[in-house]
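Here is the structure we will look at, set down as structure tokens.
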Amino acid sequence: MCGIVGAVGHKQCSSVLLDALKRLEYRGYDSSGIVTIHDGKITLKRAVGKLVNLDAVLSKGPLKGDIGIGHTRWATHGGVSTANAHPHVASDRVSIVHNGIIENHLAIRQRLEGAGRQFSSDTDSEVLAHLFVEALDSGMEPAAATQQVLAEIEGAYAFAVLTIDYPDILIVARNASPLALGIGDDACYIGSDAIALSHLTRKIVYLKDHDFALVRADGVAVYQEGGVPVNREAVFVAASPGLINKGGYRHFMEKEIHEQPDAIAHSLAAMTNEYGQLTAHMSDSALHAINGIVMLAAGTSHYATQIARYWIESLAGVPVACEVASEYHYRQPATSPYNTAIAVSQSGESLDTLMAMRHAATCNLSTIGLVNVPSSTIAREAGAVLHTRAGPEIGVASTKSFTAQLTVLLCFAVEIARAKRQIDDARAAKIHQKIQALPGLVGKALALFDNIRPIAHRLSHAKSALYLGRGTLYPLALEGALKLKELSYIHAEGFASGEMKHGPIALIEDGLPVVALLSADGLMAKASNNLREASARGGNIILIADADTLAEVDYASAVIEVPPVDPLLAPILLSVPAQILAYLTAVEKGTDVDQPRNLAKSVTVE
Ligand code: F6R
């Protein structure tokens, strides 16, 4: 999703900004641009497509100046074009970059156009530039001008402004969209997240909602709502591994699939104390007090919560509702049966999930965040935080963060069950022991790439595919279908195997690929019957299953076999071949695996 960067006081401002934008590339974007002030004038370069295009434009006409802002845009209002790319400039005097959506932009635009102001883009964001010109025209200084603009706009935003009137100040503000300020030795920076600034500084100030700030080379002045100066403490963020690279793999996704044994092991370590005992880093009394959980998440993270529901309900006997975050917030949910909300998000910045968690807090639910980015907004705002330690995930499609989320959620389920005395310490320790074997099992599943390649080759010619599973493998079927469709653009749907006969079985025709997930749980015989029914109608069954299930299977046209696994852990292990299948199918089709069309990594609009 849109990325914002900025620098003030840095001599090679434009090249520093381009490097910072490269660090935000993983968020997904379709155009980019940088603006600086040089010799008292605004100088701007923009390009459609990848950052190499902006790089080429900058090589032909480098930008000078020691103050600048840059942006990667993921189109919301207005198509993908150079005119709609940020930064936007108004009256050759003010330039802005914006992340989010200004919801009342149409009314503001009409008012400004009525007053004779000329717009040059179709974006909602451009109103910001004109509003600042208007405020400066009336003689306001930066803080007063910002307050006036903030009073008029509605919606989610993080934005940065530079103006030739104050060529040593960047004006920034945020509400619901992330923004980090970086404090350097002789310069200050801004970025949508701390990763963007990791080559420049680790000293970060996070703005709170409705804050704005004036950023100068020698420091930042932060104001809260109403323009009251406020001190926001700087924090030192953990060193990031610099400009993240593919480590010899063809795609980030391939690398991240291979990183899963480590991602799971590190996440498991985060749930284990110094004596090797499982802990949710919450007191037994806090865990015992949980009487019902609403789980809030989007996309792949939502499917992780759906799998976790089976574990938490069956082990701990605690009722769980899994909510699509974007629906929960506006549904006016009756929350009385639950006292706890868990927001699950790799990025910790998905606006839908953040808003849903805030809504849960206003309904008096205790909030727990499960995030992969420790400095993210959800981590900062949740009442308690659980961490996955999957490391930076750059491929837009979640892989290692999903299996890491599942690992942590399974540990969490075991810990609530133990705290509530639904299982005794011995049973908890036994499950924990099995979980400890996961990194090794997942490592073995990675050897499946070559077996899956010919299956992916055939699947790449399909127009449509079904994914089926029962029990915990039902949400995994939904996730497998999501992976295939988002990466290879092949239409794919996931269903509960037992639900097929209630309608979806009508879709089956000769040769339709049906990816079936099977483990040796109590539902295996029933699931196999469902698959026989699909096969009898011409479905081409691609079975992903562990060795213990295969003896009875006589209906599969292709089998992807993982090592024998306890059914409790099966959704984690079977995720890996499902990811590999989607990845290799996309590679066969030649799609943009790491940045599939129209998608963004961190979705910071509603
Ligand atoms: C799909 C995918 C997305 C994300 C979703 C939530 O592969 O990655 O569906 O899972 O956008 O993102 P987070 O977990 O960052 O809140």
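Taking residues in the range 332-360 that are outside the structural domain of Ile312 (by TED's automatic domain parsing), and partners anywhere that are more than 16 Å from the ligand (Cβ to nearest atom), not one pair has Cβ atoms closer than 9 Å while being at least 6 places apart or on different chains. Checked against (1) closer than 30 Å to Arg73 by Cβ; (2) touching a Ser or Thr at 6+ places or on another chain (Cβ under 8 Å); (3) away from the ligand (no atom under 16 Å from the Cβ), Arg597 meets all criteria but (3).
Screening Val320, Val294 for residues that are crowded, with 21+ Cβ neighbours inside 10 Å, away from the ligand (no atom under 14 Å from the Cβ) and free of Cβ contacts under 8 Å to residues at least 40 places away in the same chain leaves exactly one candidate, Val320. Take the conditions closer than 16 Å to Ala481 by Cβ, under 31 Å from the mean Cα position of the chain (by Cα) and among the small types (Gly, Ala, Ser) and apply them to Ala496. Does it pass? The answer is yes for Ala496.
For Gly65, state whether it is outside any strand (DSSP E or B) and under 27 Å from Val149 (Cα atoms). Taking the combined requirement at face value, the residue satisfies it.
Results for (1) away from the ligand (no atom under 13 Å from the Cβ); (2) surrounded by fewer than 24 Cβ atoms within 10 Å (Cβ to Cβ); (3) modelled with pLDDT under 95, shown as yes or no for each residue.
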| position | (1), (2), (3) |
| --- | --- |
| Leu550 | yes, yes, yes |
| Val553 | yes, yes, yes |
| Ala570 | yes, no, no |
| Ala586 | no, no, no |
| Lys589 | yes, yes, no |
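Give the residues of the range 324-351 that are away from the ligand (no atom under 11 Å from the Cβ) and over 23 Å from Gly155 (Cα atoms), sorted by residue number. Passing the criteria: Ala334, Thr335, Ser336, Pro337, Tyr338, Asn339, Thr340, Ala341, Ile342. Restricting Leu459, Leu406, Leu478 to those that are hydrophobic (A, V, I, L, M, F, W, C) and more than 16 Å from the ligand (Cβ to nearest atom) reduces the list to Leu459.
Cβ separations smaller than 8 Å between residues 6+ apart or across chains give the following pairs from the range 372-392 residues that are within 18 Å of Thr407 (Cβ to Cβ) and away from the ligand (no atom under 11 Å from the Cβ) to residues that are modelled with pLDDT under 90 and of a type in the set (D, E, K, R): Gly391/Asp262.
Close contacts from the range 469-492, counting a first residue that is free of Cβ contacts under 8 Å to residues at least 12 places away in the same chain and a second that is assigned to a helix (DSSP H, G or I), with Cβ to Cβ under 9 Å and a gap of 6+ residues or different chains, come to Lys485/Ala582. Of all residue pairs spaced 6 or more apart or on separate chains, those with beta-carbon atoms under 9 Å, a first member in the range 396-424 that is farther than 30 Å from Pro596 by Cα and a second member that is within 13 Å of the ligand (Cβ to nearest atom) are Phe412/Ile342; Phe412/Leu370.
Whether a residue is closer than 26 Å to Ile490 by Cα, in the same structural domain as Leu482 (by TED's automatic domain parsing) and in contact with a Leu (Cβ under 7 Å, 6 or more places away or on another chain) was assessed, and Pro563 does not pass this test.
Ala556 - would you say it is within 22 Å of Ser575 (Cβ to Cβ) and in a loop (DSSP other than H, G, I, E, B)? Taking the combined requirement at face value, the residue satisfies it. In the range 1-36, the qualifying residues are those that are farther than 23 Å from Thr123 by Cα and not in a helix (DSSP H, G or I), and the one that is modelled with the lowest pLDDT is Gln12. Only one of the listed residues (Ala445, Ala481, Ala547, Ala437) is closer than 28 Å to Thr305 by Cβ, in contact with an Asp or Glu (Cβ under 7 Å, 6 or more places away or on another chain) and of a type in the set (A, V, I, L, M). That residue is Ala481. Do we have Leu354 as within 11 Å of the ligand (Cβ to nearest atom) and in a strand (DSSP E or B) here? Criteria not met by Leu354. Can you spot a residue in the range 530-539 that is in the same structural domain as Leu569 (by TED's automatic domain parsing), out of contact with any helix residue (DSSP H, G or I) (no Cβ under 7 Å at 6 or more places or on another chain) and part of a strand (DSSP E or B)? No; the residues of the range 530-539 include none that is in the same structural domain as Leu569 (by TED's automatic domain parsing), out of contact with any helix residue (DSSP H, G or I) (no Cβ under 7 Å at 6 or more places or on another chain) and part of a strand (DSSP E or B).
Taking the range 229-327 as the region of interest, the helices (runs of 4 or more DSSP H) fully inside it that hold 2 or more residues being out of contact with any strand residue (DSSP E or B) (no Cβ under 7 Å at 6 or more places or on another chain) and at pLDDT below 90 are 260-270. Looking for something of a type in the set (S, T, N, Q), in a helix (DSSP H, G or I), within 30 Å of Arg23 (Cα to Cα) and touching a residue at least 40 places away in the same chain (Cβ under 8 Å) - is there at least one such residue anywhere in the range 143-153? Yes, the range 143-153 contains at least one residue that is of a type in the set (S, T, N, Q), in a helix (DSSP H, G or I), within 30 Å of Arg23 (Cα to Cα) and touching a residue at least 40 places away in the same chain (Cβ under 8 Å). Checked against (1) among the hydrophobic types (A, V, I, L, M, F, W, C); (2) more than 16 Å from the ligand (Cβ to nearest atom); (3) in contact with a Pro (Cβ under 9 Å, 6 or more places away or on another chain), Ala360 passes all but condition (2).
Taking the conditions exactly as written (hydroxyl-bearing (Ser, Thr, Tyr) and surrounded by 19 or more Cβ atoms within 10 Å (Cβ to Cβ)), does Ser557 satisfy them or not? No: the conditions fail for Ser557.
Among the residues of the range 19-44, those identified as free of Cβ contacts under 8 Å to residues at least 60 places away in the same chain and surrounded by fewer than 22 Cβ atoms within 10 Å (Cβ to Cβ) are Asp30, His38, Asp39, Thr43, Leu44.
Of the residues contained in the range 411-418, none is found to be outside any strand (DSSP E or B), surrounded by 23 or more Cβ atoms within 10 Å (Cβ to Cβ) and within 11 Å of the ligand (Cβ to nearest atom). Every listed requirement among (1) closer than 20 Å to Val89 by Cα; (2) under 29 Å from the mean Cα position of the chain (by Cα); (3) in a loop (DSSP other than H, G, I, E, B) is met by Gly116 save one, (2).
The values are calculated or read from the model by the stated rules, or taken from the named source; none is laboratory data. Predicted model, so just to flag it, every value in this text is computed and none were measured. Neighbour counts are summed over all protein chains in view; Cβ atoms, including those assigned to glycine, are modelled from backbone coordinates with ideal geometry.
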